[in-house]
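A.B. asks: Submitted below is the structure of interest, expressed as structure tokens.
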Amino acid sequence: MGKIYSLVIAIVLCSYTESYAQISSPKINGQPVQVGIKFLVNEILEISTVEESFDIDGYLTLIWNDPKIAELFPESQDKTMIIYMPNMVDSIFEHHLWHPNVEIMNSIGARNISQKRIELRGTQIVYVERFQTKVQTEMNFARFPFDEQTCSLVLESFGFNKNDFEFVNLPVDQLVVDDIENDAWEFSTIATEVYPFEYKNSISKKDNESIQFSRFKFSIHAARKSGYFIWQFFLPLFILLVATWFIPALWKTGSSHELIFTMLLASVMFGFYTSPFLPQLSYNTFLEATVIVTNGVVFSTLLLVLTRKNDASKVRFYCRIWFIPVMSIAAFVITSIYFFLV
């Protein structure tokens, strides 16, 4: 009985392999198939600072020509055939027509294809799918919360190299970014790029032959909306910092000690308050540097208060009323230059 099952499985696999092997890329005069590609963003749900990733909902459109359409679907020569059923689409590509088998190279989650369809027009195939996935891309949050990021997707065929097909850019509507709604980010320009990519240790290489794959890169520029952080973080820090400027004016009243200790406690507590809202990174951001500088200014003012002598005949330059404002302004200018100009 076991031999019979093995024989049946072998026959099925052989028939499947034979039918699949017949579906090769529809080259014309030996040239790679030109596959037009277009990507439309429907929604960017979340940009993660920890994973340096973003969740995206979008539409992928692929267009290419296949002479087999005229033979397999003669009715498509007179009118456009639209096939919506995902099962029928999969069956057509599995048994009848070639498909570039595109995948997202920098995806870190499963690509969920919620809808797909094909349009057959003469010898042209228009493949459209709506998908959702999580994509990882290189990000730099050093200027948080005034940072700007580039969210990129890289697409490539799984199994067909540059000798089989090449991506071709289709026109992109720059106005679609205005329809992307996100409470934390504002999206602007879109850029696309088609380029060859070579795997140095590809298992497809034969006799050290160089094999390249066609890649398509879609990028959209995102700028963080910083209004919330300005009013909830920078404004309280600014008020706390300016309050330290008036400490020298209170030295004669004898209440400067109590006031500066209160300010130091407030600045430390503010640091604890802001920590849950900051991105968990291995480097400091501009907001974290601002909190550190504010704590440093308040602590330096405390040292000046404790080391100041009551003898007015010998007033040091660092005890002048202008020293603390100049010191704090210089510290913030240097910090801003480091994060935004260097």
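A.B. asks: Restricting attention to segment 52-70, which residues are hydrophobic (A, V, I, L, M, F, W, C) and closer than 22 Å to Asp179 by Cα?
C.D. replies: The answer is Phe54, Ile56, Leu60.
A.B. asks: Looking for something at negative phi, touching an Asp or Glu at 6+ places or on another chain (Cβ under 7 Å) and either modelled with pLDDT of 95 or more or in a strand (DSSP E or B) (or both) - is there at least one such residue anywhere in segment 165-176? Outline the logic, then answer.
C.D. replies: First pass over segment 165-176, keeping only residues at negative phi: 165-176.
From what is left, the residues that are touching an Asp or Glu at 6+ places or on another chain (Cβ under 7 Å) are none.
No, because not a single residue in segment 165-176 is at negative phi, touching an Asp or Glu at 6+ places or on another chain (Cβ under 7 Å) and either modelled with pLDDT of 95 or more or in a strand (DSSP E or B) (or both).
A.B. asks: Separate question: Every residue in segment 48-59 that is within 11 Å of the chain's Cα centre (by Cα) and closer than 15 Å to Ser107 by Cβ, please.
C.D. replies: Passing the criteria: Ser48, Glu51, Glu52, Ser53, Phe54, Asp55, Ile56.
A.B. asks: Can you name the number of the only condition in (1) at pLDDT below 80; (2) surrounded by 17 or more Cβ atoms within 10 Å (Cβ to Cβ) that Val315 fails?
C.D. replies: For Val315, the exception is condition (2).
A.B. asks: Given segment 35-148, what strands (runs of 3 or more DSSP E) lie entirely inside it while holding 1 or more residues that are out of contact with any Asp or Glu (no Cβ under 6 Å at 6 or more places or on another chain) and under 22 Å from Ala191 (Cα atoms)?
C.D. replies: Those strands (runs of 3 or more DSSP E) span 53-65, 102-104, 124-136.
A.B. asks: From Ser19, Ser76, Ser24, grab the single residue that is modelled with pLDDT under 85, closer than 14 Å to Gln124 by Cα and of a type in the set (Gly, Ala, Ser).
C.D. replies: Ser76
A.B. asks: Please work out if Ser204 is at pLDDT below 90 and under 27 Å from Pro279 (Cβ atoms).
C.D. replies: No; evaluated as a whole, the condition is false for this residue.
A.B. asks: Right, another one. Mind listing just one residue for me: the one in segment 87-101 that is without any contact (Cβ under 8 Å) to a residue 40 or more places away in the chain and either small (Gly, Ala, Ser) or more than 15 Å from Ile125 (Cα to Cα) (or both) and, of those, surrounded by the most Cβ atoms within 10 Å (Cβ to Cβ)?
C.D. replies: Filtering first and then ranking leaves Ser91.
A.B. asks: If you scan segment 146-177, which residues turn out to be of a type outside the set (A, V, I, L, M, F, W, C) and within 16 Å of the chain's Cα centre (by Cα)?
C.D. replies: Asp147, Glu148, Gln149, Thr150, Ser152
A.B. asks: Quick check, is Arg130 modelled with pLDDT under 90 and of a type in the set (Lys, Arg)?
C.D. replies: The answer is no for Arg130.
The values are calculated or read from the model by the stated rules, or taken from the named source; none is laboratory data. These figures come from a predicted structure and were not determined experimentally. Don't worry about glycine lacking a Cβ; one is built from the backbone with ideal geometry, like all the others, and counts go over all protein chains shown.
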